[in-house]
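Colleague: Can you keep this structure in mind? I'll have questions shortly.
The values are calculated or read from the model by the stated rules, or taken from the named source; none is laboratory data. Predicted, not measured: the structure shown is a model, and the values here were computed from it. We place every Cβ from the backbone using ideal geometry, glycine too, and count neighbours over all the protein chains shown. For accessibility, only protein heavy atoms count, side chains too; no ligands or nucleic acids. Shrake-Rupley method; radii C 1.70, N 1.55, O 1.52, S 1.80 Å.
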Amino acid sequence: MTSKSQPVHLVTQQPLSMTTAGLCVLMSALWGANAVAVKFSTVDIPAISTALIRFVLATLFMLLWCRWEGVGLKLNRTQFRSVLITGVLLFLQIGAFHLGVARSSSSHATLFVNTYVFWVVALEHFVMRATQLSWNRMLGLLIAGSGVVLIVAVDTQNTTPTKGDPATLAGDLMLLASGFLLGVKIIYTKHALRKVQPGPLTFHSGLVGVVLFAIYTTLFEGVNLLHVTPAVIWQFSVEHTPSLLGLLYQGVVVAGFCFALSALLLRRHAASQISVFSFASPLFGLTFSVIFRGDQLSPWLAVAALCVIVGIWLVTAVKARGENGVPSKKSAR
């Protein structure tokens, strides 16, 4: 429920202009590079510690964003449960993603995490009975599923550590689980937004995630957070510049700039109009993985990527034509 003291921004559903389309493509490209940034960071930093730093930066940004928007952050008792569940889902999804990236290649990561689109469609149809599964959507699910099978059964077995980042079955399964959890989180977030505004929900669930990440990295990664001083941070930034840049990209570009740009676009256009461009994210992610991480673009991986991209396009294009643009929650991956 929206408080009277908090501003409400309505979607005006303006037609897409060339400028807006360009911004959507830019946003897809920046999101697509996220897996590459995470891979650079996890080379020198434990996976969950990377997630912790990322969400500390993201939560700080959300605090500034809510202050800028004039949105209050106070919660009532009925909202705590929604925030807690969203925060736990965030911890599980992002944790699985970072652990998976550390054990696989960024090209696999960007393809697997984008399967959240299909999990959302499948869960809404088979579990929640909220939408109808059209023939085009079913075809999209089947094509994308074939791509996932190709990646796990063929491409993962053929990758070698001599070039690029080797992919492992364990890493791929974690990434696939992350895509599923992202789909679950998006569906639950739609429910939570009926009780909590987007800004406070994102901020407080981020705080829950930060606490859980801190507990995990202390207990299981052996990191003493009390020893993280400005001197240690400076020394690390000098010795491991690529890892630092990867962290800044995740926390500032993805969690900051992309969130702000997405929010601004959703105020003028329906979510279904914006979501059509999501098919470009794995394409950009795969390209950046090959360029910056030296991943091998094998014939099997190329075919699998094409299947996932075509599947996303079929699902989102049908949604754009058939729905009236209820704003959706796109998470930082």
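Colleague: Sort out which residues of segment 224-254 are closer than 17 Å to residue 39 by Cβ, open to solvent by less than 80 Å² (accessible area, probe 1.4 Å) and part of a helix (DSSP H, G or I), and write them in order of number.
Modeller: So in segment 224-254, the residues closer than 17 Å to residue 39 by Cβ come out as 240-251, 253-254.
Remaining after also requiring open to solvent by less than 80 Å² (accessible area, probe 1.4 Å): 240-244, 246-251, 253-254.
Passing the criteria: 241, 242, 243, 244, 246, 247, 248, 249, 250, 251, 253, 254.
Colleague: Of the residues in segment 278-313, how many are buried (at least 22 other Cβ atoms within 10 Å of the Cβ) and of a type in the set (D, E, K, R)?
Modeller: Matching residues across segment 278-313 total 1.
Colleague: Moving on. Could you identify the single residue in 199, 206 that is open to solvent by less than 30 Å² (accessible area, probe 1.4 Å) and under 16 Å from residue 57 (Cβ atoms)? Show your work before the answer.
Modeller: Values: 199 fails: under 16 Å from residue 57 (Cβ atoms).
None of the other options fit; the residue is 206.
Colleague: With within 21 Å of residue 168 (Cβ to Cβ), open to solvent by 40 Å² or more (accessible area, probe 1.4 Å) and of a type outside the set (Gly, Ala, Ser) as the only criterion, which of 113, 101, 149, 127 stands out? Spell out the reasoning first.
Modeller: Numbers: 113 fails: open to solvent by 40 Å² or more (accessible area, probe 1.4 Å); 101 fails: open to solvent by 40 Å² or more (accessible area, probe 1.4 Å); 127 fails: within 21 Å of residue 168 (Cβ to Cβ).
Unique residue meeting the criteria: 149.
Colleague: Follow-up question, since we're still on this one. Being open to solvent by less than 70 Å² (accessible area, probe 1.4 Å), of a type in the set (A, V, I, L, M, F, W, C), within 26 Å of residue 52 (Cβ to Cβ) and modelled with pLDDT under 90 narrows it down to one of 263, 192, 214, 271, so name that one. Break it down stepwise before answering.
Modeller: Details: 192 fails: modelled with pLDDT under 90; 214 fails: modelled with pLDDT under 90; 271 fails: within 26 Å of residue 52 (Cβ to Cβ).
Answer to the selection: 263.
Colleague: Considering each residue of segment 17-37, count those that are open to solvent by 20 Å² or more (accessible area, probe 1.4 Å), under 20 Å from residue 289 (Cα atoms) and not in a helix (DSSP H, G or I), and give that number.
Modeller: 0
Colleague: Looking only at segment 38-54, count how many residues are within 22 Å of residue 219 (Cβ to Cβ) and either open to solvent by 40 Å² or more (accessible area, probe 1.4 Å) or among the basic types (Lys, Arg) (or both). Quick ask: steps written out before the conclusion?
Modeller: Initially, segment 38-54 is screened for residues within 22 Å of residue 219 (Cβ to Cβ), giving 38, 41-42, 44-54.
The next check asks that each one be either open to solvent by 40 Å² or more (accessible area, probe 1.4 Å) or among the basic types (Lys, Arg) (or both); those that pass are 44, 46, 53-54.
Summing the residues that are within 22 Å of residue 219 (Cβ to Cβ) and either open to solvent by 40 Å² or more (accessible area, probe 1.4 Å) or among the basic types (Lys, Arg) (or both) in segment 38-54 gives 4.
Colleague: Could you check segment 162-189 and list, in sequence order, the residues that are touching a Gly at 6+ places or on another chain (Cβ under 9 Å) and open to solvent by less than 10 Å² (accessible area, probe 1.4 Å)?
Modeller: Within segment 162-189, 171, 172, 175, 178 meet the criteria.
Colleague: So which residues in segment 108-139 are of a type in the set (Gly, Ala, Ser) and closer than 27 Å to residue 220 by Cβ?
Modeller: Pass one, segment 108-139, residues of a type in the set (Gly, Ala, Ser): 109, 122, 130, 134.
109 - this is the single residue of segment 108-139 that is of a type in the set (Gly, Ala, Ser) and closer than 27 Å to residue 220 by Cβ.
Colleague: Identify the residue in segment 55-82 that is of a type in the set (Lys, Arg) and assigned to a helix (DSSP H, G or I) and, among all such residues, is most open to solvent (accessible area, probe 1.4 Å). Don't jump to the end; show me each part of the working.
Modeller: Residues of segment 55-82 of a type in the set (Lys, Arg): 67, 74, 77, 81.
Imposing the further condition that a residue be assigned to a helix (DSSP H, G or I) reduces the set to 67, 77, 81.
Working: 67: 158, 77: 219, 81: 159 Å².
It comes out as 77.
Colleague: Out of all the residues in segment 79-87, is one or more of a type outside the set (Phe, Trp, Tyr) and touching a Pro at 6+ places or on another chain (Cβ under 9 Å)?
Modeller: As a first pass, look at segment 79-87 and keep what is of a type outside the set (Phe, Trp, Tyr): 79, 81-87.
Add one more test, that the residue is touching a Pro at 6+ places or on another chain (Cβ under 9 Å), and what stays is 79, 83.
Looking through segment 79-87, at least one residue is of a type outside the set (Phe, Trp, Tyr) and touching a Pro at 6+ places or on another chain (Cβ under 9 Å).
So that you can scan it fast, the table gives a plain yes or no per residue for (1) under 19 Å from the mean Cα position of the chain (by Cα); (2) part of a loop (DSSP other than H, G, I, E, B); (3) under 30 Å from residue 76 (Cβ atoms):
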{"residue": "111", "(1), (2), (3)": "yes, no, no"}
{"residue": "118", "(1), (2), (3)": "yes, no, no"}
{"residue": "122", "(1), (2), (3)": "yes, no, no"}
{"residue": "125", "(1), (2), (3)": "no, no, no"}
{"residue": "151", "(1), (2), (3)": "no, no, no"}
{"residue": "185", "(1), (2), (3)": "yes, no, yes"}
{"residue": "203", "(1), (2), (3)": "yes, no, yes"}
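Colleague: So is residue 90 within 21 Å of residue 189 (Cβ to Cβ), in a helix (DSSP H, G or I) and either touching a Ser or Thr at 6+ places or on another chain (Cβ under 6 Å) or open to solvent by 10 Å² or more (accessible area, probe 1.4 Å) (or both) or not?
Modeller: Yes: the conditions hold for residue 90.
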